[in-house]
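As structure tokens, the structure follows; a few thoughts come after it.
Every read-out reported here was derived from the displayed coordinates using simple, explicitly stated rules and does not represent laboratory data. If you're wondering where the values come from, they're calculated on a predicted model, not measured in any experiment. In this analysis, Cβ positions are derived from the backbone assuming ideal geometry, glycine residues included, and neighbour counts consider all displayed protein chains.
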Amino acid sequence: MAWFRRERSPLPAHEQESRVPEGLYVKCDSCKEILYRKAVLDNLSVCPKCAFHFRISARLRLELLCDGAWEELDRGLVSADPLAFSDTKAYSDRLRDGKRKTGSLDALVSAVGTLGGIPTVIAAMEYGFIGGSMGVVVGEKVARAVERSASERMPLLVVSCSGGARMMEGTLSLMQMAKISAALARLDAARIPFISLLTDPTTGGVTASFAMLGDVNIAEPGALIGFAGPRVIEQTIRQKLPEGFQRSEFLLQHGMLDMVVDRRELKKTIVRCLHTLLD
């Protein structure tokens, strides 16, 4: 029994702008400077004053990374709401809101494009769709991206931006962790490169599965990366956490990441890693 169905996308597959708020000016969450919005967008949604990285959409991420046009994969998959879940709001309504807000049918866009002339399978998570949470559709699209990477012997890049597994799909969402990890094990056995890019935030079941399984794990500066949130951990262990705990720089210092790279240098760095891994 399939827990997803196919549906035509309600919006055309145009590249969306970043999640920087609409308007002429935008306030930086880090340095609190009031910035000219176009200057921020021209700087790849990085604050020109303090280098704070604003969140960007999955489609803009693909636009920034790919050399040119990219072909979207498995676009028609959408959740069938397998549990008919409802809390403060019906899950079906949340799915509708996510589609309207992002122009995507779920929280991941997968595609084939070229990076530095290298054909690559790319899966980019969309935080604007229910917090980038991983349900059956996201898990299926990542697994299919891995399988396509293996069958066509193209390297794989996954961009994580997620609050973790999607509670509205219960155990079905947790199953995706094992499914994707098993697919990545087969990709590793085939000796095909997998680069994992972790952005703010990457948490929960996404961190506990594919986000930390890359041949190279790269993060953007200041990204929150972890399983449980800092507040939950402090309440559990009854201790104050170190300064910067669960930020990408802290994880790099403690051996959990291979590098932290500014967004403006990301494409060049990823292409260099791909050349190294493919040699």
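Summary table below
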{"read-out": "Part-to-part distance (alpha-carbon centres) for region 223-279 and region 65-109, which is given in Å", "value": "27 Å"}
{"read-out": "Region 57-278 shape via C-alpha gyration tensor axes, a/c threshold 1.5", "value": "oblate"}
{"read-out": "Estimated FRET transfer efficiency (THR236, GLU265; beta-carbon r; R0 41 Å; 0.05)", "value": "0.65"}
{"read-out": "Cut-off of 10 Å, at most 11 other beta carbons, DSSP loop: longest stretch of the chain lacking such GluC sites (Glu not before Pro)", "value": "23-242"}
{"read-out": "Region 117-182-region 22-44 distance, computed between alpha-carbon centres (Å)", "value": "30 Å"}
{"read-out": "Nearest-20 debye value, region 35-115 charge dipole, Cβ charges on Lys, Arg, Asp, Glu", "value": "480 debye"}
{"read-out": "Cα-centred dipole magnitude for the chain, charges only on beta-carbon of K, R (+1) and D, E (-1), debye, nearest 20", "value": "400 debye"}
{"read-out": "Cα lying deepest toward the dipole's positive end in region 57-278, options LEU198, PHE129, LEU64, charges on Cβ", "value": "PHE129"}
